[in-house]
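Read through the structure below, which is laid out as structure tokens, and then see the notes.
The values are calculated or read from the model by the stated rules, or taken from the named source; none is laboratory data. Bear in mind that the values here come from a model prediction, so they are computed numbers and not experimental data. Note that each Cβ is placed from the backbone with ideal geometry, even for glycine, and that neighbours are counted across all protein chains shown. SASA here: full protein model, heavy atoms, side chains in, ligands and nucleic acids out. Shrake-Rupley method; radii C 1.70, N 1.55, O 1.52, S 1.80 Å.
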Amino acid sequence: MKFTINNNAITQINTDCLVIGVFEDTSLQTSAATVNQACEGALQKLVDSGDIDTAWKQATLLHGLAGITAARILVMGCGEPEKFSPVRFDAVCAVAGAFLRDHAAGNAHICLHDMQTDERDTQWRLRQAAVALDRANYRYTATKAPKAHDYDPLSQLTFSSLTGDDEFPAALIDAQGIAKGYLRSRELGNLPANICTPAYLAKTARGFEASYENVSVEILKRKEMARLKMLALLAVGQGSANGPRLIVLNYKGRNDASRPIVLVGKGVTFDTGGISLKPGMHMEQMKFDMGGAASVLGAFEACAHLQLPINLVAIIAAAENMPDGKAYRPGDVLTSMSGQTIEVHNTDAEGRLVLCDAMTYGKRFKPAAMIDVATLTGACVVALGHHASALMSKHDDLAEELLQAGQDAIDRGWRLPLWDDYQSQLKSPFADMKNVGGMPGGSITAACFLSRFARDQRWAHIDCAGSTWKWGGDEGSTGRPVGLLTQYLINQAR
Ligand code: BES
Ligand code: MN
Ligand code: ZN
């Protein structure tokens, strides 16, 4: 969506909808006070009569307020000022975005960033408002046409800069990149597995090469993978007619030889469990098992759009996990690209198998940091639910940087331990390790498995199984953790 600055007096702006915030039990402030003055106290009267709900996340739409040029005013309740926080601010913006998508307004002028929060300044709130509104304005249409009575989503957002400066603010430039990344990630996540195959992910990556400066793409198929001895990745893909791909995207934002950040994404375009077949109930959700890859592609696109002064490599391990006469089976022993052998105890623990070869491949770029992102374990959803991504790393500085980025972007992670104490759960009598560690600490033992392919490497693992999609209500991909990843890249660049 297009973002622009409009610094005209907010009472004089020609817009389908002016969006302002109000706190509970306090006098009207900033934009709300300006509007109230122009309409000679009518806004205050509606608050006093209870027609405007000032509780947090409540939305009230007003029409034809006297003294105001805007056709409508959307009043967003912000709740108690003492409780108002960056997280609460973000949620208010998201509700406003969803409301506008589902109502008649085709464009809107946003003033929400004048609602004071602790910790964050106006420029942060401007950026966050743009990203949150853009995300919430999303509607999936790839395989379902909108109904005649559906309102169109917003096509344009304007903002008051609140600095009096008409220059396009850096905050909105960043917002445009982050929003683009989120959109890419969500669209890929939501596409069904009969469309979004490993080859489709590869084609998407190829598209970046054409659309952005300083991007090159390399795509490895079965033959090249076999030459590199990526037998773990190949095993996962061998039961599917949609062959696996290793997709390598290279972005050079610096001309020097500075070491790149390497992002690795799990791109299992559908996870049936393989021979260790999953139960049928909810299996359709396993089309989202490429959420890690989608968010890596989204963050890569954001970085290329913003032309950040860093070097970045994104590696997508794309495969479809199917049961078949050719499929790999429990008991198989696989020799990974690293030379380490793996006894397969469960073909449903496939994510770590595709990732381990992609990580070994990634080492050739001599990464300053390697971060893999994956919908790796159901245990992660049990541990953290849908609000946090799990973060595991032995590198405290890297872990801190990623947690901070998640805080900055309101796309938060939470750290789990990655102690060697858990490693013994992976012992196998027939191989260097088995691919499952049993029930206790399932997300941690999955990360322990990966750690064996990241030796001597500054590395972190993000399990986004709970955060990258949701069902019930506003269903589908969330695009996460594009916000966290992109913010990390931005923080590294500046
Ligand atoms: N893609 C799943 C993890 C998953 C399950 C994510 C449900 C989100 C919701 C992964 O490939 C998987 O099946 N993991 C197994 C591992 C087990 C066999 C050790 C799991 O979590 O059950
Ligand atoms: Mn699985
Ligand atoms: Zn999976």
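Within segment 28-55, track down each residue that is under 20 Å from H109 (Cα atoms) and open to solvent by 60 Å² or more (accessible area, probe 1.4 Å).
Q29, T30, T34, Q37
Using the structure shown, decide if R125 is in the same structural domain as A9 (by TED's automatic domain parsing) and in contact with a His (Cβ under 7 Å, 6 or more places away or on another chain).
Criteria met by R125.
Taking the condition of being under 19 Å from P198 (Cβ atoms) and away from ligand 3 (no atom under 14 Å from the Cβ), how many residues in segment 337-348 meet it?
In the first step, residues of segment 337-348 are kept if they are under 19 Å from P198 (Cβ atoms); the result is 337, 347-348.
Retained after the next criterion (residues that are away from ligand 3 (no atom under 14 Å from the Cβ)): 337.
Residues flagged as under 19 Å from P198 (Cβ atoms) and away from ligand 3 (no atom under 14 Å from the Cβ) within segment 337-348 amount to 1.
So N194 passes all but one of these: (1) more than 26 Å from M286 (Cβ to Cβ); (2) outside any helix (DSSP H, G or I); (3) open to solvent by 20 Å² or more (accessible area, probe 1.4 Å). Which condition number does it fail?
Here N194 meets the rest and fails (1).
Tell me, which residue of segment 263-283 that is buried (at least 18 other Cβ atoms within 10 Å of the Cβ) and hydrophobic (A, V, I, L, M, F, W, C) is farthest from ligand 3 (Cβ to nearest atom)?
Restricting to residues being buried (at least 18 other Cβ atoms within 10 Å of the Cβ) and hydrophobic (A, V, I, L, M, F, W, C), the top hit is L263.
Residue by residue, here is whether (1) open to solvent by less than 50 Å² (accessible area, probe 1.4 Å); (2) within 22 Å of V262 (Cα to Cα) holds:
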| position | (1), (2) |
| --- | --- |
| H395 | no, yes |
| D411 | yes, yes |
| L416 | yes, yes |
| F430 | no, no |
| M433 | yes, no |
| I444 | yes, yes |
| R452 | yes, yes |
| K470 | no, no |
| G473 | no, no |
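Please find, within segment 90-104, the residue that is farthest from I13 (Cα to Cα) out of those that are buried (at least 24 other Cβ atoms within 10 Å of the Cβ) and touching a strand residue (DSSP E or B) at 6+ places or on another chain (Cβ under 6 Å).
Among those that are buried (at least 24 other Cβ atoms within 10 Å of the Cβ) and touching a strand residue (DSSP E or B) at 6+ places or on another chain (Cβ under 6 Å), it is V92.
Residues of segment 467-494 being assigned to a helix (DSSP H, G or I) and within 15 Å of V296 (Cβ to Cβ), which ones? Before you say what the answer is, go through the steps one by one.
To start, the set of residues in segment 467-494 that are assigned to a helix (DSSP H, G or I) comprises 482-493.
Hits for segment 467-494 are V482, G483, L484, L485, T486, Q487, Y488, L489.
Here is a yes/no grid of residues against (1) within 16 Å of ligand 3 (Cβ to nearest atom); (2) touching a helix residue (DSSP H, G or I) at 6+ places or on another chain (Cβ under 7 Å):
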| site | (1), (2) |
| --- | --- |
| G331 | no, no |
| E350 | yes, yes |
| A379 | yes, yes |
| A383 | no, yes |
| A390 | yes, yes |
| D396 | no, no |
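For the condition of a type outside the set (D, E, K, R) and more than 23 Å from L154 (Cβ to Cβ), what is the one hit in A71, A9, A38?
Residue meeting the stated conditions: A38.
Out of all the residues in segment 243-258, is one or more part of a helix (DSSP H, G or I) and over 18 Å from the mean Cα position of the chain (by Cα)?
No.
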